[in-house]
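*Asks:* Have a look at the structure that comes next, please.
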Amino acid sequence: MEISKAGLKKRLDIVSRKYGIYLVFFCLIIIGAVTNPYFLTVKNVTNVFRQIAVTGVLALAEMVLIIAGQIDLSLGSVIALSGMMSVSAYLSTGSLLAAIGVSLLISVLCLTFSGFMVAKVKLPAFIATMAMDYIARGLCYIYTGGQATYEIGNYSVISTTYLGAVPLPVYIFFGMAVVCWVIMNRTTLGRDIFATGGNQAAANASGIHVDRTIIKAFIIAGALTGVAAVLQIARVNSAIPDTATNYHGDAIAAAIIGGTSFTGGIGTVMGCMVGAAIMGFLTNLLNLTGLDSYVQMVTKGMIILVALTIDLSGKNKRIKRK
């Protein structure tokens, strides 16, 4: 049966939307393997996945918020503050559980406050979270006097523990992804988050409490950020006031590259995970090629612009079809 050009174009468009991100990831791996023999070694891949575990969990946090029609620019600073407080708790009690609990508590409090400012005070999310970015980083410097803590005992065991050939942080990342998938796809809250991000007025008219949903989305993102803070401190084996600078940028890029629509209401956990993997392996490849760090920043910025352009173009096409 002969397929018309219009039909073929439509099918290719559907395939590219569903599987394009996986093709991009596959091509990146092939390019890396060809250009650098160290790229696919066990040691390098393990290190990349350990890094992806941090940015990947943050990408899940941004995904939840972006689907809800929000965004958070403070995640890196919240990681620094939560991580520093977590280390202090560990050194005081010797308990990793207490340290993890403190990290989760501080992160959830910070993002809940941002969510309250967005939902109740009606500040734009980028303003509220930009303010939190300054607040959290400033508190971190005040608490530490600007000094890093390098003696953190066995805190790093979280990062250095292996289950089989895979580092524990990778399992934690996948565990957080499963939790997010269940929340977003199998609960009423998840459906409310999608509806709120898609159209707040329609969601409100259908009986969804939009303000509460937004705050709950921030709480989920806060819990994920607390987990990311623990993984980050364990990975670098120190508590540094300026750690995780601009991590929110990588997280946002990973979510958008993974198909989360910046206009809200659209996104998948699997796509977000692949987006995080693309960002992680791309950064690693740029490092292996010796590309200047400033050039890397330009490259990442261009990637974000391209991803956003594709996202907005796709939205315009959907509007025209309606």
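The rows are residues; the columns are (1) among the hydrophobic types (A, V, I, L, M, F, W, C); (2) farther than 30 Å from Gly83 by Cβ; (3) at pLDDT 85 or above.
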position: Lys10; (1), (2), (3): no, yes, no
position: Tyr19; (1), (2), (3): no, yes, no
position: Thr35; (1), (2), (3): no, yes, yes
position: Leu40; (1), (2), (3): yes, yes, yes
position: Val48; (1), (2), (3): yes, no, yes
position: Val57; (1), (2), (3): yes, no, yes
position: Ile66; (1), (2), (3): yes, no, yes
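*Asks:* Something else now. Contact list please: Cβ distance under 6 Å, first residue in region 254-282 and part of a helix (DSSP H, G or I) and modelled with pLDDT of 90 or more, second residue among the acidic types (Asp, Glu) and open to solvent by less than 10 Å² (accessible area, probe 1.4 Å), pairs at least six apart or on different chains.
*Replies:* Hits for this filter: Ala255/Glu62.
*Asks:* How many residues are farther than 17 Å from Met273 by Cβ and either in contact with a His (Cβ under 9 Å, 6 or more places away or on another chain) or open to solvent by 80 Å² or more (accessible area, probe 1.4 Å) (or both) if we restrict to region 153-186?
*Replies:* So the answer is 6.
*Asks:* Now for a separate question. So which residues in region 135-145 are of a type in the set (Ser, Thr, Tyr) and either outside any helix (DSSP H, G or I) or open to solvent by 60 Å² or more (accessible area, probe 1.4 Å) (or both), if there are any at all?
*Replies:* Matches in region 135-145: Tyr141, Tyr143.
*Asks:* When region 22-57 is examined, which residues are found to be more than 22 Å from Gly175 (Cα to Cα) and open to solvent by less than 30 Å² (accessible area, probe 1.4 Å)?
*Replies:* Residues satisfying the conditions are Leu28, Gly32, Asn36, Phe39, Asn44.
*Asks:* Let me ask another. Out of Ile183, Ile208, Ile233, I need the residue that is among the hydrophobic types (A, V, I, L, M, F, W, C) and outside any helix (DSSP H, G or I). Which one?
*Replies:* Answer to the check: Ile208.
*Asks:* Determine whether region 65-84 contains at least one residue that is buried (at least 24 other Cβ atoms within 10 Å of the Cβ), in contact with a strand residue (DSSP E or B) (Cβ under 9 Å, 6 or more places away or on another chain) and not small (Gly, Ala, Ser).
*Replies:* yes
*Asks:* Taking interchain pairs and intrachain pairs at least six residues apart, which have beta carbon atoms under 7 angstrom, with the first residue in region 129-151 and among the acidic types (Asp, Glu) and the second surrounded by 12 or more Cβ atoms within 10 Å (Cβ to Cβ) and in a helix (DSSP H, G or I)?
*Replies:* Correct list of pairs: Asp133/Ser77.
*Asks:* Hey, does region 191-206 have a residue that's over 19 Å from Ala125 (Cβ atoms), open to solvent by 60 Å² or more (accessible area, probe 1.4 Å) and basic (Lys, Arg)?
*Replies:* Yes, because at least one residue in region 191-206 is over 19 Å from Ala125 (Cβ atoms), open to solvent by 60 Å² or more (accessible area, probe 1.4 Å) and basic (Lys, Arg).
The values are calculated or read from the model by the stated rules, or taken from the named source; none is laboratory data. Being a predicted model, the structure only gives us computed values, none of them experimental. Note that we place each Cβ from the backbone using ideal geometry, even for glycine, and neighbour counts take in every protein chain shown. In case anyone asks, the SASA skips ligands and DNA or RNA and just uses the protein heavy atoms, side chains included. Shrake-Rupley method; radii C 1.70, N 1.55, O 1.52, S 1.80 Å.
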